[in-house]
Amino acid sequence: MVAIEFWGGLGVIGGSKIMIEDGGHRVLLDIGLDIPSGRDPFRLPVRTRPGRELADRLRMNAAPRIPGLFAPDALGGRADLAGLAEPTGETAVFVSHPHIDHVGLAGFLREDVAVHAHTEAVDLLEALSATGQGLTHGDPAWRRLTDGQRTAVGPMEVECVTVDHDVPGASGYLVRTSAGTLAFTGDIRFHGHHPERAWDFVDRAAGCEVLATEGTTLGWDMHGGVRDEGDVQRDFTAALETTPGLVLLSVYPRDLDRVRAFLVIAGAAGRRIVWPGPTAAFLRLLGVEGVLSPDEVPWTDVHAAPAEYIVVPDPDDLPSLLDLPVGEGCPASVFVHANGEPLGPFEPRWEPFTDWLSALGIQLRQIGCSGHASQDHLHTMLERMRPRTVFPIHTTAPSRLHPPTGTSRVVARYATRYDFAGGAL
């Protein structure tokens, strides 16, 4: 009997964790950390306790109580959690991409649990660790994958298939079991830098028995149409051309394609981007050229010629904005938000962020585009793939995914075992 269990990503965006068990062997797709929001007990201003990060989350039901997965020293020495550390047979983890809601618990895994990810994702995660921004409890012993590489886990075979998302190394997986093939999209989009990768995944997964798909945008109002990276670059160019003073920027540094594009656009506009120190070090480790930090560009230079610079502020240090040539008596400035931090109104940091901009008279211009497939693209994917059963996860509105004739949609329940027909076991 092959069983599927969902230990996260249900009714929320993020936190994906999908367990497939076949013949006593287990494959876990993603090991994400829930994003603190809503009523999450670890949302800001709550801080986790050093050395007890996982144990506290387990006790507050904010991490999955999966037996045989976590290292004993990560359980805080608690007797009530000790049973979780007992081995339960071969387990292998496959991470879809290096975002915290898909990889955030990987540092707590047992040493005998093999942890796989695309080689570009591993490069990025190791660069984060080297610059003090890595996983809590350290990196596991990564096993690198490339597109098309297949890995045996007992009777199962797991194939890595690269997809398009807003971070290097994003991958979906095809898990071939004794009951058929399960396809997992990871986070996927069809309007990004490499849409051909996403459509290739769809074609390779066509006819699978089970599809577990992200459905982030199902809960969104999509009447405004789908923005793409061309729109983002056009709007960034316009912001630079129309701002007489300093441009402030928030962009996700893990989106290396966008970072490189912005550096080219900035140079063409006669501006240089100044990144926070850790971010600059991270980008340099990944081979991004032309990266500057405050060590190379003192703020006196920025004050002397604000129209020649773009500054990426630390989102957790809003008072540092007062050190820049913005506000009363300075040329008009703008804050360009391109999917960086703080991420949006759902974040506790968003309201203070917008309050500071308002108080300083800085215009906020949001120019990003989503890292997730549109509703139309999700339904086109289903039509082309035609799985027998689809489990929509990583969304607040799974029931808004409407499968084609012949495909059954199942809205999964937490830690419930399902067969490949979608029936609860």
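The values are calculated or read from the model by the stated rules, or taken from the named source; none is laboratory data. Remember, it's a predicted structure, so these values are computed and weren't measured experimentally. Here Cβ is always computed from backbone atoms with ideal geometry, including for glycine, and neighbour counts include all displayed protein chains. Only protein heavy atoms, including side chains, enter the accessible area calculation; ligands, DNA and RNA are left aside. Shrake-Rupley method; radii C 1.70, N 1.55, O 1.52, S 1.80 Å.
In this entry, Tyr414 passes the filter for residues that are modelled with pLDDT of 95 or more and under 24 Å from the mean Cα position of the chain (by Cα).
Taken together, the criteria place Arg258 among residues that are more than 30 Å from Glu328 (Cβ to Cβ) and touching a helix residue (DSSP H, G or I) at 6+ places or on another chain (Cβ under 8 Å). Is there a residue being in a loop (DSSP other than H, G, I, E, B), within 24 Å of Ser370 (Cα to Cα) and touching a Lys or Arg at 6+ places or on another chain (Cβ under 8 Å) anywhere in segment 69-89? No, there is no match, as no residue in segment 69-89 is in a loop (DSSP other than H, G, I, E, B), within 24 Å of Ser370 (Cα to Cα) and touching a Lys or Arg at 6+ places or on another chain (Cβ under 8 Å). Check Glu53, Glu90, Glu86 and return the single one that is open to solvent by 20 Å² or more (accessible area, probe 1.4 Å), under 22 Å from Val210 (Cβ atoms) and either acidic (Asp, Glu) or free of Cβ contacts under 8 Å to residues at least 60 places away in the same chain (or both). After ruling out the rest, the residue left standing is Glu90.
Within segment 171-194, residues that are free of Cβ contacts under 8 Å to residues at least 40 places away in the same chain and basic (Lys, Arg) have Cβ atoms under 8 Å from residues that are assigned to a strand (DSSP E or B) and open to solvent by 20 Å² or more (accessible area, probe 1.4 Å) in these pairs: Arg176/Glu157, counting only partners at least 6 apart in sequence or on another chain. Tallying residues that are closer than 17 Å to Phe420 by Cβ and either of a type outside the set (Ser, Thr, Tyr) or in contact with a His (Cβ under 8 Å, 6 or more places away or on another chain) (or both) within segment 160-212 yields 16.
Can you find, within segment 1-47, the residue that is least open to solvent (accessible area, probe 1.4 Å) among those that are without any contact (Cβ under 8 Å) to a residue 24 or more places away in the chain and touching a helix residue (DSSP H, G or I) at 6+ places or on another chain (Cβ under 9 Å)? This residue is Phe42. Being open to solvent by 10 Å² or more (accessible area, probe 1.4 Å), in contact with a strand residue (DSSP E or B) (Cβ under 6 Å, 6 or more places away or on another chain) and polar (S, T, N, Q) is a description that does not apply to Thr146.
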